[in-house]
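Single-structure report; data block below.
The values are calculated or read from the model by the stated rules, or taken from the named source; none is laboratory data. These figures come from a predicted structure and were not determined experimentally. Here the Cβ positions follow ideal geometry from the backbone for every residue, glycine too, while neighbour counts run over all protein chains shown. The accessibility values were calculated without ligands, DNA or RNA, using every heavy atom of the protein model including side chains. Shrake-Rupley method; radii C 1.70, N 1.55, O 1.52, S 1.80 Å.
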Amino acid sequence: KAQRAVTLEPDYITAGCNLAYLYLAVQQITTGERLLRRALRMLESPDLRPEQLRGDHFPHNYSYFHLRSELIWGRYPPYSRDWCRTMRDALRCRIGMTLHDIAYARKDFEVALQDSRSAVLADPAVGRAHYGLGNAYRALGQWQLAREAYHRAIEFSPFLLEAWQNLCQVYLELNQPTEAMALMDDLSAILDGCPIYAPMRGDYDRLRAE
């Protein structure tokens, strides 16, 4: 169905994204990445039309993008200028984060850095986008920039526990154990107040002991 929609209407961005994520779901990574980069180019076009963004997006879950898109649908008149602008940015952020993950997995860290920067520029308030940026900087040995990115990830998504762990590791790489311990103390306070995270407490206690 998604392939037919793209064939009939090649500039239908929603259909192109859905087709891309379907390919990624069946591990056809190269094709999925190619379709996402094509969608990103169309999103960056000054001639973007609201109807290119119509329709539902696959997979429908409780990710940042789907929560954000529901908010956009409720806040702005559908297909208005503000609706189009904010939906475009939400999609650019989602695609940028996905492309970062693909590049990072194949250890193409420079491309991962570019893609995560694209995601952050599209929506600077998304913690996971900053987390991806931090991972790319860390993989490239840019510890100070990684530290800043992880701090922003925690600022926008304080329950993104991977960002806390990676930031702690960066402090240790920077030979700043005092800062790492202070960070672990802050994280322990969060874990103590959230029973749902109790199963993860052991991992962070071990990290602190190290």
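I want to verify the translational diffusion coefficient of region 1-125 in µm²/s; compute it with Stokes-Einstein, Rh as the Kirkwood radius over Cα pairs, at 4 °C and 1.567 mPa s.
Estimated diffusion coefficient is 88 µm²/s.
Between residue 67 and residue 47, what FRET efficiency comes out of the Förster formula 1/(1 + (r/R0)^6) with R0 = 35 Å and r the beta carbon distance, rounded to 0.05?
On the way: r = 29 Å, r/R0 = 0.82.
Efficiency for this residue pair is about 0.75.
Counting only heavy atoms of the protein chains, get the accessible area per residue of the chain (1.4 Å probe) and round it to a whole Å² value. Could you put the intermediate results ahead of the total?
Numbers: 11210 Å² over 210 residues.
Heavy-atom accessible area per residue stands at 53 Å².
Can you list the HN-Hα couplings for region 149-165, worked out from phi with the Karplus curve (6.51, -1.76, 1.60; θ = phi - 60°), rounded to whole Hz and with x for Gly and Pro?
5, 5, 4, 5, 4, 5, 4, 8, 9, x, 9, 7, 5, 4, 5, 4, 4
Tell me, what is the FRET efficiency for residue 159 and residue 4 to the nearest 0.05, using R0 = 25 angstrom and their Cβ-Cβ distance as r?
That gives a FRET efficiency of 0.05.
Give me the compactness ratio for the chain, meaning the Cα radius of gyration over 2.2 N^0.38 Å.
1.13
For region 1-135, with all protein chains present and a 1.4 Å probe, just round the carbon and sulfur fraction of the accessible area to a whole percent.
Result for region 1-135: 54 percent of the exposed heavy-atom area is carbon or sulfur.
GNM, the chain, Cα, under 10 Å: largest mean-square fluctuation among 137, 79, 150?
Comparing 137, 79, 150 in a Gaussian network model of the chain, the most mobile one is 79.
Output wanted: per-residue J couplings in Hz (rounded whole) for region 125-132, from phi through Karplus 6.51 cos²θ - 1.76 cosθ + 1.60, θ = phi - 60°, x for Gly and Pro.
Result, ordered by residue: 9, 9, x, 5, 5, 5, 4, x Hz.
In debye, nearest 20, what is the charge dipole magnitude of the chain about its Cα centre with +1 on Lys and Arg Cβ and -1 on Asp and Glu Cβ, if you could check? Kindly include the intermediate steps, with their values, before the conclusion.
Details: 25 positive and 26 negative charges, 162 e Å.
Dipole magnitude for the chain comes out near 780 debye.
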